[in-house]
Amino acid sequence: MTYPDPDDPAHPARPSVRPFLQSGPLPAGGYRPTHTDEQPPATEQTTALRPFVITSGRTDGADPDIGMETQVTASPGAGPVRLSPEMRAIVGLCFEPVSVAEISARLRLHLGVTRILVGDLRAAGQLDVHVLNNETPDPETIMRVIRGLRAIT
Amino acid sequence: MDFEQSPDRVVGTAAVSSGGRPKKAPVPVKIIVAGGFGVGKTTTVGAISEISPLTTEAEMTSASVGIDNPGQATMKTTTTIAMDFGVLTIDQTLKLYIFGTPGQSRFAFMWDDLIKGALGALVVVDTNRIDDCYPAVDYFERAGLPFVVGVNTFNGQMSYSLDEVRWALAIREDVPVLSFDARFRGSVRDALLVVLDQALDKAIRQKS
């Protein structure tokens, strides 16, 4: 999977296309809605699910508490449940604290999709999401970062 | 054998597994690295990060008026962009994330999400294309996020002096303008320390 160059100005913005439709493997010419009872040809192999399929079509509704750097861990008391492969992969990464952005990057899941799935797993009791109670960083924390940075060579 | 049934041993293993596994999650803090095309954002992130920079895809939506077709109605555009980021573990309980983000104004709306809780920003500037960083400077000024303008010197060469850059950007006197080399860890570290200095000033001002 290749990522578009973040600096590439030529990366086309397709108007009026829902965001999650854009990052999936699209046929040439963009997204075309197909008739519902039309079956895809059996020979056609899809290599990856379109991201919105994983979230059951949801493109919105990610918890605003779940930021890119928010730390996530597997819930120690979580019971065994049936999870989708993507959700299983997420829980599998969280045996030690990991950020939402890292989950997204390591599993090559769209950031928006990752946020929604992490929210779902949190609601299901599978993940602990460590939400910070103070949003603005306090001077002591900044001092610690400064000391830590000074220490590196 | 005797020792296999020893309760001490069983308790011991249990203690190790339960004490060792659920590590306390560190507090994450973040700094934004912003700038125009190819100014060295990813190089900056890579120089300071302890892991090789990771990429995450995020979707962007923004309302834009068709510039080419002024007669047309306002249209909503969406696009997927890639964001590079790196991590620096300060200690067991504190992790610094550095997010490199495209600086085009059409992505500005997504910065609202990104700068939430951020300590500050480093705006990377290439003196050959100073205007590339205008949207980032505008945005951080308006958002009240502490920021520093860092001129990436590439080969130690700058087409303009720092004073000229400051003049061209028309930024406030208290916004530091510095030069750094995105390829070197020490240089990036020093630039980030200036960002943190600004962040500390703001945090102290807010507290008092």
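The values are calculated or read from the model by the stated rules, or taken from the named source; none is laboratory data. Computed from a prediction, not measured in an experiment: that's the story for all the values here. Please note: Cβ atoms are built from the backbone with ideal geometry, for glycine as well, and neighbour counts cover all protein chains shown.
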Return the only residue of B:Ala118, B:Ala143 being under 20 Å from B:Pro53 (Cα atoms) and either at pLDDT below 95 or of a type in the set (S, T, N, Q) (or both).
B:Ala118
Count - residues of the range B:2-49 that are in contact with a Gly (Cβ under 6 Å, 6 or more places away or on another chain) and modelled with pLDDT under 85:
1
Regarding A:Gly92, is this residue of a type outside the set (A, V, I, L, M), part of a loop (DSSP other than H, G, I, E, B) and more than 9 Å from chain B (Cβ to nearest Cβ)?
no
Qualifying positions in the range B:161-175 - exposed (fewer than 12 other Cβ atoms within 10 Å of the Cβ) and more than 22 Å from the chain's Cα centre (by Cα)
B:Asp163, B:Ala170, B:Glu173
Mind listing whichever residues of the range A:114-128 are more than 9 Å from every other protein chain (Cβ to nearest Cβ) and not small (Gly, Ala, Ser)?
A:Arg115, A:Ile116, A:Leu117, A:Val118, A:Asp120, A:Leu121, A:Arg122, A:Gln126, A:Leu127
Taking the residues in the range A:137-153 that are of a type in the set (D, E, K, R) and over 29 Å from the mean Cα position of the chain (by Cα) as candidates, determine which candidate is surrounded by the fewest Cβ atoms within 10 Å (Cβ to Cβ).
A:Glu140
Flag if B:Ile171 is part of a helix (DSSP H, G or I), among the β-branched types (Val, Ile, Thr) and either without any contact (Cβ under 8 Å) to a residue 40 or more places away in the chain or under 20 Å from A:Ile142 (Cβ atoms) (or both)
no
